[in-house]
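The values are calculated or read from the model by the stated rules, or taken from the named source; none is laboratory data. Note that the structure is a prediction, hence the values are computed from the model and not measured. Here the Cβ positions follow ideal geometry from the backbone for every residue, glycine too, while neighbour counts run over all protein chains shown. Ligands, DNA and RNA are stripped out before the accessible areas are found, and what is left, the full protein with its side chains, is counted by its heavy atoms. Shrake-Rupley method; radii C 1.70, N 1.55, O 1.52, S 1.80 Å.
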Amino acid sequence: MSKCADLTIRSFRKINRCRLVETMYRHNRSNYSWIAGMGIIAMALLWLTALNAAIDATATAAAAAKVAITTNISKTITNTTIPTTTITNPQISYRANRKIIPNTHRPWQQMATVSTLTHRAYVPAALAAANISAMTTALATASNLISMLPPLSQSNAANYFTLVGKLNPFYGERKRTAAATKARATTTATATGTATKNGTAAGGNAAVAATTFDSNPNTRTTNRRKKNKNKRTFTTPLNVSQHPGELCNRRCTAGDSRICHFKFTLEHYQVMGVACGRCSLGIIADCFAPQCILADGYEKGVMSINRQLPGPAIQVCRDDLIIVDVFNQALGTSAAIHWHGQHMVATPWSDGVPFVTQCPIHYANTFRYHFWATEVGTHFYHSHSGHHKVNGQYGALIVRDDPSILPNKATYDFDLPEHYILISDWMHTYGEQYFPGEPSSAGIFPDSVLINGRGIYYRKDGMRASTVVPPVSFYVTPGKRYRFRLINSISHSCPFQLQIERHNMCVIASDSYDLQPNYFDTLISNAGERYDFVVFANNTAGDYWIRVRGMGVCAILPTESFALLRYISNEVIDESIEERPLPPMPAYNETFISGMFFDHPNISCGAVDNRCISELEALEQDELLRTAMPDHQFFLAFHNFPVPNNEIFKNGTYYHFANLQSNLTIVGAINNLSFVFPNYPPLTQPEAMNDTQFCTELERPAACQGNRLCPCVHRLHIRLGSIVELILVDETELVGRLHHPFHLHGHRFIVTALGRDSTGLPKSVLAAKQLNDGNSYFFPHQSNNTSPPFKDTVSIPSRGYAVVRFRAENPGFWLMHCHYEWHLAIGMGLILQVGNTSEMVKSPQGFPTCGNYLPELSELEGFRIKKYFM
């Protein structure tokens, strides 16, 4: 039994009821308008039934293939099943199998072919006997039909996403689908009868219930709902007219894949603007007005998504196809959105890194991202363009799975859609003001920290500003256990600690990957990291503060905000809960009980009151990855080092830099190479590539000769399918409080060592190489963990190190960088090229291109204006 499960063993008791209402919704949605596109969809469905008969020769399948398409189109779609073959690796547990499958002959190529229709499917010999080649061709044809479907709309979204969900190349695991089909068959008759009896209104209510999967434990029975019909239900709002993708926020069931279509509008907008009415005067109702952004109550501009801060939450199920139309309406900007934590298998051009995986989205243009939700767990999205993330462009991205198969399901009773804590730093000016900076400033510090878009502003004297910003509230009932999801969307310079008054936290996942449960009183995270933890509501009533406090450089000036953990009655919903007076807010210098720390950047790993991430145990193992001799090994020393003015400011040169204060000018680099982006995305425009455009530690461009600083396109070329080890070392010469979080796109890695020298001296790459004995490292605090945790972002202590390993199974061009926004801006990053361009997924036809326009001067010599006007 897990460490968390001993609190009390609970289970979700509403699974069947949620399936019932979801089935009711499916029954009623067939009455929606289907005039536009009816013919095309019917053709696709007819073809699918024929395909089913061709693939499955059994009498049952043949009979099913003859099902006539009637007005109840959604029912036909649901009953149309495409047989699939699942490739498994006995060495890797379930979670790894649903990711990139190691030790197989690149099955992603078959998947990618179905998705992109760009090159011939690769079929391993082991699969040829299973007649996969014919299936791949059929699926490709089906995908081509889908491309002819009409645009998504409110009226056709539900059936559209069900149809395409059946063609998801990752859709499989027959035993899961069979179990789900059996469960649905048990409830279909009841659901149909109920929907018919109650009419269309019942179907509408069923849609809402299915979407929020009964998120409120206090609305369990029909009688209680009637009794408390005017009371708050605490469910996620459903706004289909703006975001059809919100229908995907549901209880996940094996085999139920959907298309989840979202529309994002990027704008320059207002915080505490006219939409907030009299909120600043204390009229709380106005603070919740439509399109009112509160932040910390200080008026300023914001770069918003759909006039929200954070942007709209995306909550979907595994294998859903996520489609996001990003309309850039922010005058004078270019944009790109990165889906942090999703590996973009088969759709690498949707990774959202300008000039690596795509061209930036120009002003007044729309770009349609689409990718499969393959990575279950807690993630987020954010701008990867300039400093737009710190200006407000970020939001939650959560991928759930069928609750019955989750490894840590016994540790909690409820996983509610509203129980995520998204923290972000906030500045009272646009982030661009600090880059390159102002000599009279005293560094780059946030003015406040926000929790789900709301926070407290502390003046420099440590006193709270008199702004009116209601705290975010999370509701629990006594005796229950709740899964919370912490998302760290910090942009600049510091980790943050999280504490909950009179409650501890049982950590069960990191960066979406399951861990053996462990208890902590203080949880510390850095930019890009995510942690899932369980809170046991072991009190009987009251309100308790959730505290988020800055560390490192963010502790120089007061940086702290609070949310509320609010207890509600087991029996009925307290009508006056929102009017209850808030408990006294702790003063800045008043601390909660510290107890056990998780990943404290200034406490050694292995200390009695601190555990590092490298010491926690994963619930899955990859023994070969942990013990094998790596195919590639890279020692990467990262720096923020001062550069003399005569090297930065030379006529004809324009190097990036940051002026922190006075005459202190610094540049970021890895192995003395300061990363600059190419002028085209090599992933989607490989024909523009020239190896002389890239640099490595041993191949520096001629312009860098004689200089320590070398701005160039730093690239490491890695063989596809190889095991890669990275030794990341902080060689920053300036002693400070920075703790660098490094993020790898497109992959996950295991953390095999983490720490810093107990003397406080920086660990150099030279010292690391001297300690290297074959495949062993004698770093201080190296973990002997035989089940090291998987992550995609690791926080490296100041002047410390980390050793990580990953399988390079996902071909493409992937950014690896410090996740502090301004560190990447001044060069602390590089590109990992996994595989050759011939092994990568081809970009879709008509994909946007970009690059320099430089016609030869000789071609312009004969250019005369009179040629056109005379």
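If you take every DSSP beta bridge fully contained in the range 288-371, what fraction is antiparallel? Give it as a percent rounded to 5. Each step should come with its number before you reach the end.
On the way: 8 of 9 bridges.
For the range 288-371, the DSSP antiparallel bridge percentage is about 90.
Once neighbouring chains are kept in place and the probe is 1.4 Å, which whole percent of the accessible area of the range 329-392 is contributed by carbon and sulfur? Don't skip to the answer; put the middle values down first.
Working: 710 of 1320 Å².
Looking at the range 329-392 in its full context, I get 54 percent from C and S.
What is the projected area of the convex hull of the Cα atoms of the range 427-474, averaged over all directions, in nm²? Numbers along the way, then the final one.
Numbers: hull surface 17.7 nm².
So the Cα hull casts an average projection of 4.4 nm².
If you bin the C-alpha pair distances of the range 347-413 every 10 Å from 0, what whole percents do you get?
Going out from 0 Å in 10 Å bins, the range 347-413 shows 16, 40, 25, 15, 4 percent.
Between Thr627 and Lys769, what is the spin-label point distance in nm, taking each point 7 Å from the Cα along the Cα→C-beta axis?
3.0 nm
Quick one: net charge around Arg805, please, counting Lys, Arg +1 and Asp, Glu -1 for every other residue with C-beta under 14 Å from its C-beta. Please list the in-between numbers first.
Values: positive: Arg626, Arg748, Lys791, Arg807; negative: Asp622, Glu623, Asp631, Glu725, Asp792, Glu809.
Combined, the nearby Lys, Arg, Asp and Glu give -2.
Distances over 14 Å make up what percent of all Cα-Cα pairs in the range 612-667? Before the final figure, lay out each step's value.
On the way: 1112 of 1540 pairs.
Above the 14 Å cut-off, the range 612-667 has 72 percent of its Cα pairs.
From the P(r) of the range 276-348, can you give the percent of Cα pairs sitting at distances over 22 Å?
On the way: 1159 of 2628 pairs.
Cα-Cα pairs of the range 276-348 separated by over 22 Å account for 44 percent.
What is the packing order of peptides 839-846, 298-305, 462-469, taking the mean over residues of other C-beta atoms within 10 Å and listing the highest first?
298-305, 839-846, 462-469
Could you work out the equivalent-ellipsoid semi-axes for the range 399-464, taking the square root of 5 times each eigenvalue of the Cα gyration tensor, largest first, in whole Å? Please report the intermediate quantities before stating the final value.
Working: eigenvalues 313, 46, 17 Å².
That gives 40, 15, 9 Å for the three semi-axes.
Can you check what the net charge comes to around Pro630, using other residues whose Cβ is under 12 Å from the Cβ of Pro630 (Lys, Arg +1; Asp, Glu -1)?
Details: positive: Arg626, Arg719, Arg805, Arg807; negative: Asp631, Glu725.
Spelling it out: positives minus negatives among the neighbours equals +2.
Taking θ = phi - 60°, what integer Hz values does the Karplus form 6.51 cos²θ - 1.76 cosθ + 1.60 yield along the range 475-486, in sequence order, with x for Gly and Pro?
9, 9, 10, x, x, 9, 10, 10, 8, 10, 10, 9
Size of the range 515-630 along its principal axes in angstrom, Cα-based, largest extent first?
Computed over the Cα atoms, the extents are 63, 41, 27 Å.
Assuming a viscosity of 1.567 mPa s and a temperature of 4 °C, what translational diffusion coefficient in µm² per second does Stokes-Einstein assign to the range 587-637, Rh being the Kirkwood radius over Cα pairs?
Details: Rh = 14.6 Å.
The estimated diffusion coefficient comes to 89 µm²/s.
Report Rg (one decimal) and Dmax (nearest whole number) for the range 358-452, counting Cα atoms only, units Å.
Answer for the range 358-452, Rg first and Dmax second: 18.4, 58 Å.
Report the gain in length on full extension from Val608 to Thr837: 0.36 nm times residue separation, minus Cα-Cα distance, nm rounded to one decimal. List each step's numbers first, then the result.
Details: separation 229, 0.36 × 229 = 82.44 nm, distance 4.91 nm.
Result for the pair: 77.5 nm of gain on full extension.
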